[in-house]
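Data block below; observations after.
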Amino acid sequence: MEPQIRTLIDISGSQAALEGQADLVLERAQWASTVYQRFGRGQVQDIVDAVARRAHERAEHYAERAVEETGFGVVAHKKLKNEMTALPLVDYYRDHDYINPRVDTARKIVEIPRPAGVVFALLPSTNPVATLNYKVILALMTHNAIVLSPHPAARACCVDAARELSEAATAAGAPDGLVQVIERPTIPLVEVFMSSPKTRLILATGGNAMVRAAYSSSNPAIGVGPGNAPVLVDDSADINLAAKRIVESKSFDNSILCTNESVCITLPDADRRLRQAFSASRAHVCSPEEVERLRRLLFHPQGFNIECIGRDATWIAQEAGIRVPQNTLILVAPITQIGVEEPLSREKLCPVLSYLVARNLDQAIGQARAVLRLAGKGHSAAVHSMDESVTMAFASAVECYRVVVNAPCSQGAAGIGTGLPPTYTIGTGYFGRSTVGENIGPGHLVHWTRMAYRNDEPFGDYEGRGRAFEGALPEAPSDGVPGSPRAVTPASPGRPASAALPDREALRRMIAEELRDLLKK
Amino acid sequence: MSTEKLEFLDRSRHFWNPGKTQDWQDMGVDLVIDRREGYYLFDMDGRRLIDLHLNGGTYNLGHRHPELVEVLNAGARRFDMGNHHFPALARTALAEAMAACAPTPDLRYTAYGSGGGEAIDIALKTARHATQKRKIVSIIKGYHGHTGLAVKAGDERFSKLFLSEDTVGEFIQVPFNDLNAMEDALRGRDVAAVIMESIPATYGFPMPREGYLPGVKSLCERYDALYIADEVQTGLMRSGEMWCCTRYGVDPDIMVVGKGISGGMYPIAMALISERCGGWLKEDGFGHISTMGGAELGCIVAMKTLEIVQRPEVRTMVRFIADYLRAGLEKIRATYPDFFIGIRQHGLIMGLEFNHEQGAKPVMKHLYNNGVWAIFSTLDPRVLQFKPGVLLTQADAEEVLRRVEIAVDLARDEVQGRRRPH
């Protein structure tokens with residue numbers, strides 16, 4: 001008979017048990033980060049590269065796993081996103097140094113990076129592994145340890161992916177526990193993690209409730225709210241190219257990136273050409289009756305029908321009872337109103353694009369502002385126009401912090417194919433009740449200690465005077481255990497090294513003794 | 001010192017233990033522990049101390065670990081100590097949990113005591129029954145507790161006082177790390193068991209030489225004696241593995257567990273006994289009776305303690321704590337090489353050795369004055385027992401090193417008579 005573990009008194013749901021579990025994971029992370037901060041830039045880069053390589057190699061596997069587990073998205077696109085958050089991400093930041101101090105002789109300031117230490121990261125169900133890769137690599141670049149909290153709907157693929165990255169990190173010499181994952185996340189457990197004083201920074205990507213909870217935790221948090229991007233197409237734009245790019249964006253991973261276009265707003269002069277261009281780009285422009293069917297399918301009284309998240313256009317059309325060609329990439333739904341009375345003007349994480357014709361540019365901009373007022377404040381928008389007065393007027397008016405011009409918004413606002421930093425965490429700033437309005441990057445995981453000199457006195461000489469990095473802790477001996485390492489005692493700091501050396505006379509004696517010993521044999 | 005404390009110490013001398021109360025005052029340690037939490041003790045006058053004594057690993061997981069408090073409270077709504085004569089849910093559940101993590105699957109049975117001494121007595125009685133021999137071999141300056149048989153296996157300091165030392169030659173003591181002496185003791189094949197602390201704690205953690213413990217085990221096999229591992233202080237992940245004896249490659253016939261297994265919350269201890277040695281459990285299961293041994297509330301707490309120490313995070317923490325403290329202690333040692341002369345270490349089982357026959361006492365005193373509580377080794381006062389908990393935080397580890405450096409400096413000045421003017 002084999003012994004079994006039988007829990008007679010189950011306290012697993014108690015606050016004490018949740019806190020005990022969180023405390024242990026976070027303290028292990030604290031230890032790991034403390035040791036990791038002894039590593040120099042070369043060692044850090046080796047670890048980051050090893051982890052990124054592993055993430056890249058496994059991009060397709062985890063794209064399949066994520067689609068299989070969540071039912072959201074397109075494997076090929078998820079693979080691309082998983083790859084984008086691996087090697088290209090690391091290359092993008094390769095020349096950024098978050099490890100060594102930087103010296104500004106002009107301002108007489110030295111800046112020393114001070115990582116957050118322990119980062120707690122929430123992962124969404126929509127982009128689970130891409131976000132995981134992204135947050136892990138950001139943390140590792142910046143001397144941080146990270147604890148990942150997967151969305152319950154994408155738990156299994158995230159737990160396995162996290163384990164793989166953790167293994168890759170330790171195999172490359174990282175301290176154990178630098179990358180950890182909560183294997184059985186529950187809302188009470190996640191809340192305990194978020195409010196623990198051992199959590200130094202929360203990176204919250206996910207639903208509004210989770211992001212608000214992160215901000216309410218009493219810990220520093222960078223939260224990312226939902227999107228609902230308006231896209232303006234005016235008649236100066238290359239209409240065919242605009243349609244093609246919008247379709248490319250809306251069909252990318254079936255609109256699961258929160259940067260996807262939600263409502264296309266155009267003007268009467270461009271309306272007919274744009275509809276034709278959509279049709280030519282494998283978009284199906286719906287009739288009013290079909291729009292009503294879509295409205296009923298996509299929106300329930302409680303909100304968006306999550307069954308439709310990340311589904312492809314033909315699946316949605318079939319469910320709604322709309323006949324479309326098999327190669328249809330997106331559904332375009334003409335609407336006449338923006339606001340609470342029109343559910344289709346809300347965020348749609350599926351390849352359905354609402355379509356509205358405004359009377360003139362002023363009204364179009366007003367409608368775009370209304371789209372974001374409804375949802376997605378601070379997030380993203382797009383404009384297709386060759387007229388800089390239009391793009392400037394639009395970008396200055398809409399309440400969001402990214403406006404991509406003549407580019408697919410899904411990809412462009414996330415830094416794919418644009419000059420924005422590649423990210424899977426979009427800062428929604430003050431418009432979106434967040435602390436950060438930029439694309440989140442490694443810089444957000446580090447603060448800097450700044451040494452400042454008086455303006456009218458000479459600056460110190462800091463050239464080549466870096467921080468000392470001692471590397472991994474030497475393994476403590478286990479006395480008496482075969483193969484255990486021996487302790488290394490550092491030289492006594494009280495005595496100069498030369499004093500420990502024998503003087504000339506003593507040396508001569510030693511040599512003489514050795515010679516005598518030799519002669520005896 | 002507050003007047004309240006002065007008055008309290010008088011009462012302590014009067015009603016509890018005059019000698020012990022006074023000895024601490026004489027050593028400059030006026031500690032009266034009141035509140036306690038995690039690895040912190042709070043003196044009744046409010047001073048905080050980081051606990052590196054842990055009562056020999058009893059507070060391995062810290063004081064009043066919240067999960068242990070929770071499980072004890074929840075357990076008390078269903079169980080009490082239980083009826084020791086009957087099969088009992090919690091006792092068997094803990095026995096299974098012990099068997100599941102024992103150093104070898106042979107250690108199937110668990111026999112309970114209420115404290116380590118009683119569990120040692122059970123182990124020694126079991127060995128005598130299994131071998132039908134009486135002699136017990138232990139280590140000079142070994143320590144196994146204060147009950148009838150355990151006290152005889154230990155230093156005479158604790159047995160002679162009560163006229164309880166061995167007088168009939170049944171308890172033989174040999175020097176530690178001396179395989180020849182051990183072989184001499186076993187050669188007559190009249191020894192029931194050798195009892196070994198995997199690392200002798202009260203003797204200041206002298207470390208077994210490479211091959212010593214496996215050598216003792218082979219000698220036991222050669223001369224038909226049993227090997228009893230006393231893991232009371234060294235078990236439960238303190239070595240970086242669940243049981244310290246396995247780190248040395250020894251599979252014991254009987255293993256004694258105490259202190260830390262109680263979580264410091266409910267007294268319990270046990271002897272794990274192999275099928276081969278457990279004959280008395282079949283012949284007369286009532287052979288050892290202990291009303292409070294294996295109290296079911298203690299079992300509930302012990303099961304949670306076992307579960308916590310086996311979490312993967314703990315293993316990593318132990319490694320970090322051991323490496324980090326060692327690196328820091330080496331730096332301190334390099335600063336005071338004429339006084340702080342050695343570090344004995346296996347995981348979190350550590351002894352700091354000083355170049356004076358009572359050297360650990362002033363270090364203890366200055367650590368106490370600087371907010372750290374660590375105790376000298378009773379049987380070798382040159383050595384300070386340095387016993388960080390398995391959940392020590394990084395911040396507290398840094399605090400410990402900072403305070404140790406200060407205390408070692410002060411103690412060195414005191415011992416070597418070079419006190420600087422303040």
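Note on B:D178 and A:Q302: with the Förster distance fixed at 60 Å, the Cβ-Cβ geometry gives a FRET efficiency of about 0.15. For segment B:38-47, 3J(HN,Hα) computed residue by residue from phi via the Karplus equation (6.51, -1.76, 1.60; θ = phi - 60°) reads x, 9, 9, 10, 10, 5, 4, 8, x, 6 Hz, glycine and proline entered as x.
Which of rounded, prolate, oblate describes segment B:373-422, given a ≥ b ≥ c as roots of the alpha-carbon gyration tensor eigenvalues and a/c under 1.5 marking rounded, otherwise prolate only if a/b is larger than b/c?
Working: a/c = 4.56, a/b = 1.39, b/c = 3.28.
Taking the square roots of the gyration eigenvalues as a ≥ b ≥ c, segment B:373-422 is oblate.
Neighbour counts of other Cβ atoms within 10 Å put A:H384, B:H84 in the fewest-to-most order B:H84, A:H384. If you take every residue apart from A:I109 with its C-beta less than 10 Å away from the C-beta of A:I109, what net charge results, scoring Lys and Arg +1 and Asp and Glu -1? Computed value for this residue: +2. Scoring A:438-451, B:88-101 by mean Cβ neighbours within 10 Å over their residues and listing the highest first yields B:88-101, A:438-451.
Once both labels are positioned 7 Å from their Cα atoms along Cα-to-Cβ, the gap between B:A76 and A:S12 label points is 2.6 nm. Among the GluC sites (Glu not before Pro) in segment B:188-278, those placed in a DSSP loop whose Cβ has at most 14 other Cβ atoms within 10 Å are B:E275.
In this structure the amide hydrogen of B:E165, modeled in the peptide plane, comes within under 5 Å of the amide hydrogens of B:K160, none closer than 5 places in sequence on its chain. Inter-chain Cβ neighbour count for A:16-26, averaged per residue, equals 5 (cutoff 10 Å, partner chain atoms only). Amide H to amide H distances under 5 Å link B:L226 with B:A193, B:V194, where only residues 5 or more positions off or on other chains count and H is placed in the peptide plane.
Segment B:1-56 and segment A:133-157 have Cα centres spaced 47 Å apart. Net charge dipole, chain A: roughly 500 debye, given to the nearest 20, about the Cα centre with Cβ charges of +1 for Lys and Arg and -1 for Asp and Glu.
When only Cα pairs below 8 angstrom with a gap of at least 6 residues are kept, chain B shows a relative contact order of 21 percent.
Here the Kirkwood formula puts the hydrodynamic radius of segment A:187-328 at 17.8 Å, using every distinct Cα pair.
Measuring between their Cα centroids, segment B:121-139 and segment A:220-243 lie 82 Å from each other.
Less than 14 Å Cβ to Cβ from B:K135, Lys/Arg counted +1 and Asp/Glu -1: what total charge do the surrounding residues give?
With Lys, Arg at +1 and Asp, Glu at -1, the neighbours total +2.
All other residues whose Cβ lies under 14 angstrom from that of A:R433 are scored, Lys and Arg at +1 and Asp and Glu at -1, for a net of +2. Mean partner shielding of peptide B:298-305, defined as the number of other chain Cβ atoms within 10 Å of each residue Cβ, is 2.
With contacts taken as Cα pairs under 8 Å at a separation of at least 6 residues, chain A carries a relative contact order of 17 percent. What the Cα convex hull of segment B:66-309 gives, in volume per residue, is 118 Å³. Between helix B:89-101 and chain B there is an angle of about 80 degrees, using the helix long axis and the longest principal axis of the Cα atoms. For segment B:95-159, treating each Cα as an identical point scatterer without solvent, what Debye log10 I(q)/I(0) comes out at q = 0.22, 0.29 1/Å? Values, matching the q order: -0.98, -1.17. Between B:V372, B:V32, B:V256, the residue with the greatest mean-square fluctuation in the GNM of chain B (Cα pairs under 10 Å linked by springs) is B:V32.
Reported to two decimal places, what Rg/Rh ratio describes chain B when computed on Cα atoms with Rh from the Kirkwood expression? All intermediate terms of the calculation are to be shown ahead of the outcome.
Details: Rg = 21.5 Å, Rh = 22.2 Å.
Here the Rg-to-Rh quotient is 0.97.
Based on C-alpha pairs under 8 angstrom that are at least 6 apart in sequence, segment B:66-309 has a relative contact order of 31 percent. Against chain A, whose longest principal axis is taken from its Cα atoms, helix A:155-171 shows a tilt of about 30°. Against the main long axis of the alpha-carbon atoms of chain A, helix A:41-57 sits at an angle near 40°. Shown is the FRET efficiency for A:Q337 and A:S216, computed with R0 = 25 Å from the Cβ-Cβ distance and rounded to the nearest 0.05: 0.15. For the protein assembly as shown, pairs of C-alpha atoms spaced more than 40 angstrom apart make up 53 percent of the total. For peptide B:329-341, the mean count of partner chain Cβ atoms within 10 Å of a residue's Cβ comes to 3. Taking the centroid of alpha carbons for each part, segment A:269-346 and segment B:157-184 are 90 Å apart. Work out the FRET efficiency for A:N208 and A:I5 from their Cβ-Cβ distance, taking R0 = 41 Å, and round it to the nearest 0.05. E between A:N208 and A:I5, to the nearest 0.05, is 0.55.
Starting from the Kirkwood Rh over alpha-carbon pairs, what translational D in µm² s⁻¹ does chain A have by Stokes-Einstein at 25 °C and 0.890 mPa s?
95 µm²/s
Near A:W448, the amide H atoms lying under 5 Å from its own belong to A:R114; only residues 5 or more places off or on other chains count, and H is placed 1.01 Å from N.
If you build a Gaussian network model of chain B, linking Cα atoms that sit under 10 Å apart, which residue out of B:N17, B:N177, B:N55 swings the most? Judging by the Gaussian network model, the answer is B:N17.
With the simple spin-label model, which puts each label point 7 Å out from Cα in the Cβ direction, the B:Y40 to A:A468 separation comes to 3.2 nm. In a DSSP loop and with at most 12 other Cβ atoms within 10 Å, the GluC sites (Glu not before Pro) in segment A:279-373 are A:E341.
Partner aspartates and glutamates whose Cα lies under 19 Å from the Cα of B:K5, excluding those fewer than 8 positions away in the same chain, are identified as B:D23, B:D26, B:D30, B:D34, B:D43, B:D45. Using a 7 Å offset from Cα along Cα-Cβ at B:H146, what residues in segment B:3-34 end up with backbone N under 19 Å from the label point? Output list for this probe position: B:12-27, B:31-33. Among the trypsin sites (Lys or Arg not before Pro) within segment B:261-315, those in coil by DSSP and having at most 12 neighbouring Cβ atoms inside 10 Å are B:R276.
For the pair A:D238 and A:Q318 in one chain, pulling the backbone fully straight at 0.36 nm per residue adds 25.6 nm over the alpha carbon distance. Does a label point 7 Å from the Cα of B:L6, set along Cα-to-beta-carbon, have any residues of segment B:40-80 with amide nitrogen under 18 Å, and which are they? Output list for this probe position: B:44-46.
All of the numbers you see were taken from the coordinates with simple rules; none came from a lab. All figures in this text were calculated on a predicted structure; none of them were measured in a lab. We place every Cβ from the backbone using ideal geometry, glycine too, and count neighbours over all the protein chains shown.
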